[in-house]
Ligand code: ARG
């Protein structure tokens, strides 16, 4: 039994032979690390399986998660009027589209998977690339997970607390339980995790369609009173330039995931065509959905009711769906659970890949010997995410996340500009207008600086601290390869994998 539980290190060599791609039952279900195709020469070739349709689905499926069901109220508070909040929603869509087009250039120039990591390596060298993997494993991925599971909990609990605000502790406990459940699913099997993902994506689409259909119906009936006087500032609401940036944080969270296809460039069929095309279809589609949903919410409730509601989609359902009102919290809970699952799935792979490169503790690259899941990485992420759930709330976590994420998105724009200079003749199958990265770089600088000036929050300091701490870790442990005695210094490549265990 102990043997079964044992986790073995599989260094790159073994991965190259496609071992990790075999799942327990040999059915080879879809998973992030799968699709490796052992060639005669033993080199990996990720199969190019992602065409235009699945490319669009990958983008849309990642982008639509918790945000559109929790952010509208926060955005309204931060902008002070429905007109400006609507403009911010649309601007966030445009900004994501521009960012993604610049990423399309980067992604077709360097087609290795891993997005920012690969581009930073090309443009700036190892230290910034290390910092990215450090921050994304320690901060970005766990905070995404924490935000989404808190949103899940809010909806799951709200369904049972029709007339009162559910206590915060209950929401946090439910969020922690969700993380544990998702962790178990992901440690148990890759197939189960991807199965959950597919089924739950459908729920998300149902929720979106119900909101849009219900809202359109109400609008046709003539419920347009809340849309009048769109730019009148609501009581107590003010906008200033710094606060506007935090409104963008809230909106951009709902759009986050626009760069998702860049993480799997190696698997896209004809990437120089399909990557930009998927982006140009997927992101406007999401922007349109979000705009329609915002109008739909307002067809059913007033802006102040929207602000008061802890879970807008539940309020929406209660008003419009009658006896079917339960459908709304259920499908939102399922949708958010699905995104949390997908996020942990990706996070586990990232952690695994970064530690395999020697950029994180070796033990995080272990893979469960029978289940082929990167269990230690997953557990590590869940622990960090759990700590974030306990210590923060959705809004502060979103600020923390967006602040950190936009430092790196801005960095990628800089990488593009740098490479236009340093590698002018490198083939660029897709070249975006120079204006785009310049614009996005400018906006990301604004997004990083404005909130600090407006209202310095401790979260921003934490985020900056993490990034700097990364540098302190990089020099001794990564650059000079120092391994503390207590961690042992054995040669992992000598560990022999007991094939009998696999066979069982
Ligand atoms: N936009 C998603 C949401 O509204 C969050 C996506 C998180 N990002 C990611 N790359 N998984 O919940």
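Name the single residue, out of those in region 138-169 being over 28 Å from residue 322 (Cα atoms) and away from the ligand (no atom under 15 Å from the Cβ), that is surrounded by the most Cβ atoms within 10 Å (Cβ to Cβ).
Looking at residues that are over 28 Å from residue 322 (Cα atoms) and away from the ligand (no atom under 15 Å from the Cβ), I get 138.
Select, from 280, 306, 388, the only residue that is at pLDDT 85 or above and within 16 Å of the ligand (Cβ to nearest atom).
Result: 388 is the single residue among 280, 306, 388 that is at pLDDT 85 or above and within 16 Å of the ligand (Cβ to nearest atom).
How about region 309-328: which of its residues are within 16 Å of the ligand (Cβ to nearest atom) and assigned to a helix (DSSP H, G or I)?
Once the filter is applied, which keeps residues that are within 16 Å of the ligand (Cβ to nearest atom) and assigned to a helix (DSSP H, G or I), region 309-328 yields 312, 313.
For the structure I just gave you, tell me whether residue 245 is within 27 Å of residue 403 (Cβ to Cβ) and more than 16 Å from the ligand (Cβ to nearest atom).
For residue 245, the condition - within 27 Å of residue 403 (Cβ to Cβ) and more than 16 Å from the ligand (Cβ to nearest atom) - is met.
How many residues are within 11 Å of the ligand (Cβ to nearest atom) and touching a strand residue (DSSP E or B) at 6+ places or on another chain (Cβ under 8 Å) when one looks only at region 52-78?
Count: 1.
If you check 390, 397, 447, which single one turns out to be in contact (Cβ under 8 Å) with a residue 12 or more places away in the chain, loosely packed, with under 15 Cβ neighbours inside 10 Å and more than 19 Å from residue 115 (Cα to Cα)?
Result of the check over 390, 397, 447: 390.
Tell me which residues, restricted to region 110-126, are touching a helix residue (DSSP H, G or I) at 6+ places or on another chain (Cβ under 6 Å) and either farther than 26 Å from residue 50 by Cα or in a loop (DSSP other than H, G, I, E, B) (or both).
Those that are touching a helix residue (DSSP H, G or I) at 6+ places or on another chain (Cβ under 6 Å) and either farther than 26 Å from residue 50 by Cα or in a loop (DSSP other than H, G, I, E, B) (or both): 110, 111, 112, 113, 115, 123.
Given the criteria away from the ligand (no atom under 16 Å from the Cβ) and under 25 Å from residue 395 (Cα atoms), does residue 200 qualify?
Spelling it out, it is not the case that residue 200 is away from the ligand (no atom under 16 Å from the Cβ) and under 25 Å from residue 395 (Cα atoms).
Do we have residue 91 as modelled with pLDDT of 90 or more and either buried (at least 23 other Cβ atoms within 10 Å of the Cβ) or in contact with a strand residue (DSSP E or B) (Cβ under 7 Å, 6 or more places away or on another chain) (or both) here?
No.
Residues in region 124-132: is at least one under 15 Å from the mean Cα position of the chain (by Cα), crowded, with 24+ Cβ neighbours inside 10 Å and either at positive phi or touching a residue at least 24 places away in the same chain (Cβ under 8 Å) (or both)?
The answer is yes; a qualifying residue exists.
So, in region 283-295, exactly how many residues are buried (at least 23 other Cβ atoms within 10 Å of the Cβ) and away from the ligand (no atom under 15 Å from the Cβ)?
0
Would you call residue 185 at pLDDT below 90, in contact with a helix residue (DSSP H, G or I) (Cβ under 7 Å, 6 or more places away or on another chain) and under 15 Å from residue 348 (Cβ atoms)?
Yes, satisfied.
Is it the case, given these coordinates, that residue 254 is within 22 Å of residue 215 (Cβ to Cβ), within 15 Å of the ligand (Cβ to nearest atom), assigned to a helix (DSSP H, G or I) and touching a residue at least 40 places away in the same chain (Cβ under 8 Å)?
So residue 254 passes the test.
Would you check if there is a residue in region 451-468 being in contact (Cβ under 8 Å) with a residue 60 or more places away in the chain, over 25 Å from residue 148 (Cα atoms) and not in a loop (DSSP other than H, G, I, E, B)?
yes
For residue 323, only one of the following conditions fails: (1) more than 14 Å from the chain's Cα centre (by Cα); (2) modelled with pLDDT under 85; (3) crowded, with 24+ Cβ neighbours inside 10 Å. What is its number?
Among (1) more than 14 Å from the chain's Cα centre (by Cα); (2) modelled with pLDDT under 85; (3) crowded, with 24+ Cβ neighbours inside 10 Å, the lone unmet condition for residue 323 is (3).
With respect to the numbered conditions (1) surrounded by fewer than 19 Cβ atoms within 10 Å (Cβ to Cβ); (2) part of a helix (DSSP H, G or I), which one is the sole condition not fulfilled by residue 231?
Of (1) surrounded by fewer than 19 Cβ atoms within 10 Å (Cβ to Cβ); (2) part of a helix (DSSP H, G or I), only one is false for residue 231: (2).
The values are calculated or read from the model by the stated rules, or taken from the named source; none is laboratory data. This is a predicted model, so every value here is computed, not measured. All Cβ positions, even for glycine, are placed from backbone atoms using ideal geometry, and neighbour counts span all protein chains on display.
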